[in-house]
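Heads up, the thing below is written out as structure tokens.
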Amino acid sequence: MTLRRPCLGLPAGRPCPARRATTSRRCPDCQRSWEQARNQARPERRTAAYRRHMAVSKLAWIAEHGPLCVGYGAQPPHLVAPDQLGMDHVTSLASGGDPLGPLVGRCAPCNSRKGTR
Ligand SMILES: [Zn+2]
Ligand SMILES: [Zn+2]
């Protein structure tokens, strides 16, 4: 027998509309609301899925291209030390890109060059 407790409810202290009992902390509906609220409150980069995506993409990128920075503006692609290589979204999050979308290698200097434009 699994222990069932009342659902902890929605963000901002609102009670669970369905008043459901759940084996976890919240019923699936309330859990979804919480995740949405959390995603709006914090940058995507804090989520485990995002960090995993970054790490996996970096490994795949280095396996395929080496520690290659794709450059930016007048800077042509160049190799950097692996620990200098960051991953950057092909479509930036600022312009509506998917946080879990495709990434390219880009070093910090190129990334900041991009930011100052
Ligand atoms: Zn609930
Ligand atoms: Zn670079």
Next on the checklist: Looking at (1) over 30 Å from ALA12 (Cβ atoms); (2) assigned to a helix (DSSP H, G or I), which one does VAL104 not meet, given that it meets all the others?
Outcome noted: (2)
Next on the checklist: Filter the stretch 88-106 down to the residues that are among the charged types (D, E, K, R) and either outside the structural domain of ARG51 (by TED's automatic domain parsing) or free of Cβ contacts under 8 Å to residues at least 12 places away in the same chain (or both) and list them by number.
Outcome noted: ASP98
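Here's the yes/no breakdown for (1) near ligand 2 (Cβ under 10 Å from one of its atoms); (2) within 21 Å of LEU59 (Cα to Cα); (3) at pLDDT 95 or above; (4) small (Gly, Ala, Ser):
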| site | (1), (2), (3), (4) |
| --- | --- |
| VAL80 | yes, yes, yes, no |
| GLN84 | yes, yes, no, no |
| SER92 | no, yes, no, yes |
| GLY96 | no, no, no, yes |
| LEU100 | no, yes, no, no |
| VAL104 | no, yes, yes, no |
| ASN111 | yes, yes, no, no |
| LYS114 | yes, no, no, no |
| ARG117 | no, no, no, no |
Checklist entry - Out of all the residues in the stretch 51-78, which are under 15 Å from GLY101 (Cβ atoms) and surrounded by 15 or more Cβ atoms within 10 Å (Cβ to Cβ)? => result HIS53, MET54, SER57, LYS58, TRP61
Checklist entry - Among the residues of the stretch 18-32, how many are near ligand 1 (Cβ under 7 Å from one of its atoms) and part of a loop (DSSP other than H, G, I, E, B)? => result 4
Checklist entry - What pairs can you find where one residue is in the stretch 31-51 and closer than 18 Å to ALA94 by Cβ, the other is part of a helix (DSSP H, G or I) and modelled with pLDDT of 85 or more, and their Cβ atoms are less than 6 Å apart, with a gap of 6+ or different chains? => result GLU44/TYR50
Item to check | Residue within the stretch 71-91 that is under 27 Å from TRP34 (Cβ atoms) and either among the small types (Gly, Ala, Ser) or outside any helix (DSSP H, G or I) (or both) present | outcome: yes
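The values are calculated or read from the model by the stated rules, or taken from the named source; none is laboratory data. Given the structure is predicted, the values throughout are model-derived calculations rather than measurements. Cβ coordinates were reconstructed from backbone atoms using ideal geometry, including for glycine residues, and neighbour counts include every protein chain displayed.
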